[in-house]
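Undergrad: Here's a structure for you.
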């Protein structure tokens with residue numbers, strides 16, 4: 001019995017000796033993707049059409065995925081050898097995420113490496129030619145250099161419009177005339193940049209780009225090359241074509257009004273204009289039920305005794321015009337004056353953009369009314385922390401159009417020095433996409449003492465919204481509801497002191513109509529879900545081929561939340577170093593060495609660097625981008641040469657970017673899952689180059 005017990009114990013001991021160490025082992029360390037050569041970024045590849053994933057690096061191995069969607073990104077876990085010509089030969093081991101989720105093996109011939117997470121976005125299509133996508137580089141280069149380029153471009157466009165595409169046509173595809181709604185989770189349209197190089201056109205620098213075109217949407221709707229008649233017919237259909245979707249149009253107009261002392265006449269004038277609109281549309285429920293109004297008021301810092309509020313939302317839900325009149329009756333100007341002339345305009349706009357109860361599929365407008373500039377970035381009373389550029393970009397991403405009305409006080413000489421700054425800020429906020437092909441603004445100005453001109457201007461703006469909604473829902477045709485007359489074509493007095501009420505009304509009509517058309521064209525692109533080129537590679541130029549002053553494509557950088565956080569951390573440390581250097585009278589790089597431990601670089605790296613780009617502080621995804629970065633080129637000599645104001649401007653710009661990145665990080669609607677296995681922190685946003693430091 002004892003012997004049997006010993007045998008059992010011996011067997012159990014042997015069993016646990018074998019099994020316990022295995023079960024007690026730490027989990028195997030997940031594999032990580034290989035890196036882009038010379039960088040710390042994970043290497044990705046894009047799949048070619050009709051590619052497959054196999055279980056082993058052999059054409060005889062088991063097939064794991066067949067006909068993978070074209071240009072789907074994968075992370076690389078094993079990279080094959082590269083020839084002297086820079087081409088890989090053999091097999092890539094690929095995965096769906098950075099966490100070691102291996103998908104299998106793909107032949108080098110079935111993928112292309114994507115070293116820099118750059119992509120393209122179409123600019124607003126109004127006022128320019130569609131982007132032409134060439135199958136080969138040489139014909140595009142020949143066209144760029146041709147002395148009769150305009151004529152050749154016209155001939156290509158006429159061929160496209162005819163629908164009769166010859167076999168030797170140099171284009172493989174073309175951007176649709178209606179806008180492509182690119183950045184949405186359900187169907188993220190991606191134009192990765194595979195190669196780029198500078199090109200000169202009429203003394204202007206452009207970019208020659210090799211792109212791929214893909215979408216994250218499942219399935220497809222047929223070919224998107226010029227050999228497909230249905231695609232060509234769709235691509236050449238303009239925004240003025242009839243659209244039943246226009247009959248479902250809803251318009252939302254949110255006022256952002258300065259309610260500091262001196263603004264009561266304009267609060268009352270806005271209420272009177274809204275009341276007149278409400279009376280006109282009361283008997284037209286088809287219009288009355290489909291236009292909604294909202295109101296945000298702003299003042300200044302709560303440090304000012306008696307100021308009552310910094311910003312205030314009077315409409316937790318947007319309301320009909322008749323109800324909005326009653327809400328405006330509650331609004332009064334501040335009983336105390338501000339300290340100084342500027343107010344916190346930027347916080348008012350920031351709140352309206354991010355906290356208004358917007359409907360998902362409406363046309364969205366903000367009307368800013370104020371007589372003073374905002375506190376700039378870096379000022380302690382700019383509660384938003386953002387500047388006009390950051391707020392404008394946020395509005396672009398959210399597809400919100402801003403119109404600004406500058407009430408100019410012309411009779412008080414103490415105010416005159418603030419006019420230029422107010423105009424700059426208000427005009428920048430109102431630089432809506434598509435207002436004019438070469439850049440324009442929905443900015444209006446009126447003399448503070450001319451209440452008749454303000455009333456005429458307000459009436460004219462609201463009549464545009466009213467008539468557009470009425471015509472759109474009745475006609476279902478964009479051409480019937482918008483006027484194309486430009487403010488530049490009108491005889492209008494620029495001096496607000498001499499501008500008549502009639503001139504103010506005509507200018508407001510033209511400016512508002514231009515803005516509304518741009519918004520409608522943009523809206524149609526979204527609701528119509530325009531079929532765009534996909535599953536192709538092509539060569540393009542980022543400028544309009546007939547007018548190189550007009551950009552046709554803008555470069556963006558796909559950043560994930562982790563990368564955005566790392567960039568924000570770097571900028572915060574640069575801010576600390578800059579302020580410390582100013583206080584201690586140190587050079588910028590000397591102050592920066594104190595941050596080296598936080599940012600995982602050595603003091604020697606910073607000490608020996610000539611520019612910030614050589615310090616090792618700049619995240620890898622910023623290196624090699626086709627834009628002029630003020631931060632990466634900055635040196636100690638630059639810092640010493642700058643005045644105190646110039647140093648403050650540099651640091652305030654960093655501060656505004658930090659605030660923007662924080663808001664972007666927390667905004668759920670702008671992040672897209674690029675790979676099926678990505679964690680939320682790996683979701684990406686196509687960041688505009690303008691928003692890089």
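Undergrad: Inspect region 329-342 for any residue being within 19 Å of residue 391 (Cβ to Cβ) and crowded, with 20+ Cβ neighbours inside 10 Å and give the result as yes or no.
TA: There is at least one residue in region 329-342 that is within 19 Å of residue 391 (Cβ to Cβ) and crowded, with 20+ Cβ neighbours inside 10 Å.
Undergrad: Which of the residues that make up region 406-435 are on the phi < 0 side of the Ramachandran plot and in contact with a helix residue (DSSP H, G or I) (Cβ under 7 Å, 6 or more places away or on another chain)? Write out each step before concluding.
TA: We begin by selecting, within region 406-435, every residue on the phi < 0 side of the Ramachandran plot; these are 406-433, 435.
If the condition is that a residue be on the phi < 0 side of the Ramachandran plot and in contact with a helix residue (DSSP H, G or I) (Cβ under 7 Å, 6 or more places away or on another chain), then 406, 407, 408, 425, 428, 429, 431, 432, 433, 435 are the ones that fit.
Undergrad: Test residue 55 against the stated conditions and say whether it is in contact with a strand residue (DSSP E or B) (Cβ under 7 Å, 6 or more places away or on another chain) and not assigned by TED's automatic domain parsing to the domain that holds residue 564. Reasoning before the result, please.
TA: Numbers: in contact with a strand residue (DSSP E or B) (Cβ under 7 Å, 6 or more places away or on another chain): yes; not assigned by TED's automatic domain parsing to the domain that holds residue 564: yes.
Here the answer is yes, as residue 55 does meet what is asked.
Undergrad: Being free of Cβ contacts under 8 Å to residues at least 60 places away in the same chain and surrounded by fewer than 17 Cβ atoms within 10 Å (Cβ to Cβ) is the filter here, so list the residues in region 397-420 that pass it.
TA: Applying the first criterion (free of Cβ contacts under 8 Å to residues at least 60 places away in the same chain) to region 397-420 yields 400, 402, 404-406, 411-413, 416-417, 419-420.
Of everything in region 397-420, those that are free of Cβ contacts under 8 Å to residues at least 60 places away in the same chain and surrounded by fewer than 17 Cβ atoms within 10 Å (Cβ to Cβ) turn out to be 411, 412, 413, 416, 417, 420.
Undergrad: Then there's this: Might you check whether a residue that is crowded, with 17+ Cβ neighbours inside 10 Å, in a helix (DSSP H, G or I) and touching a strand residue (DSSP E or B) at 6+ places or on another chain (Cβ under 9 Å) occurs anywhere in region 533-549?
TA: Scanning region 533-549, I find no residue that is crowded, with 17+ Cβ neighbours inside 10 Å, in a helix (DSSP H, G or I) and touching a strand residue (DSSP E or B) at 6+ places or on another chain (Cβ under 9 Å), so the answer is no.
Undergrad: Now for a different question. Which of (1) over 24 Å from the mean Cα position of the chain (by Cα); (2) modelled with pLDDT of 90 or more; (3) within 25 Å of residue 360 (Cα to Cα) does residue 241 not meet, given it meets every other one?
TA: So residue 241 meets the others, but not (2).
Undergrad: Just wondering, is there one or more residues in region 573-590 that are modelled with pLDDT of 90 or more, assigned to a loop (DSSP other than H, G, I, E, B) and out of contact with any helix residue (DSSP H, G or I) (no Cβ under 8 Å at 6 or more places or on another chain)?
TA: The answer is no, given that none of the residues of region 573-590 is modelled with pLDDT of 90 or more, assigned to a loop (DSSP other than H, G, I, E, B) and out of contact with any helix residue (DSSP H, G or I) (no Cβ under 8 Å at 6 or more places or on another chain).
Undergrad: Separate question: Please specify each residue of region 148-165 satisfying the condition of being in contact with a helix residue (DSSP H, G or I) (Cβ under 7 Å, 6 or more places away or on another chain) and more than 18 Å from residue 134 (Cβ to Cβ).
TA: 163, the sole residue that qualifies.
Yes/no matrix, rows are residues, columns are (1) modelled with pLDDT of 95 or more; (2) touching a strand residue (DSSP E or B) at 6+ places or on another chain (Cβ under 8 Å); (3) in the same structural domain as residue 512 (by TED's automatic domain parsing); (4) over 21 Å from residue 572 (Cα atoms):
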position	(1), (2), (3), (4)
344	yes, yes, yes, yes
355	yes, yes, yes, yes
363	no, yes, yes, yes
366	yes, yes, yes, yes
371	no, yes, yes, yes
392	yes, yes, yes, yes
403	yes, yes, yes, yes
411	no, no, yes, yes
414	no, no, yes, yes
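Undergrad: Right, here's the next one. Determine whether residue 540 is touching a residue at least 12 places away in the same chain (Cβ under 8 Å) and within 30 Å of residue 111 (Cβ to Cβ).
TA: Spelling it out, residue 540 is indeed touching a residue at least 12 places away in the same chain (Cβ under 8 Å) and within 30 Å of residue 111 (Cβ to Cβ).
The values are calculated or read from the model by the stated rules, or taken from the named source; none is laboratory data. Source: prediction; values computed, not measured. Neighbour counts run over all protein chains shown; Cβ positions are idealised from the backbone, glycine included.
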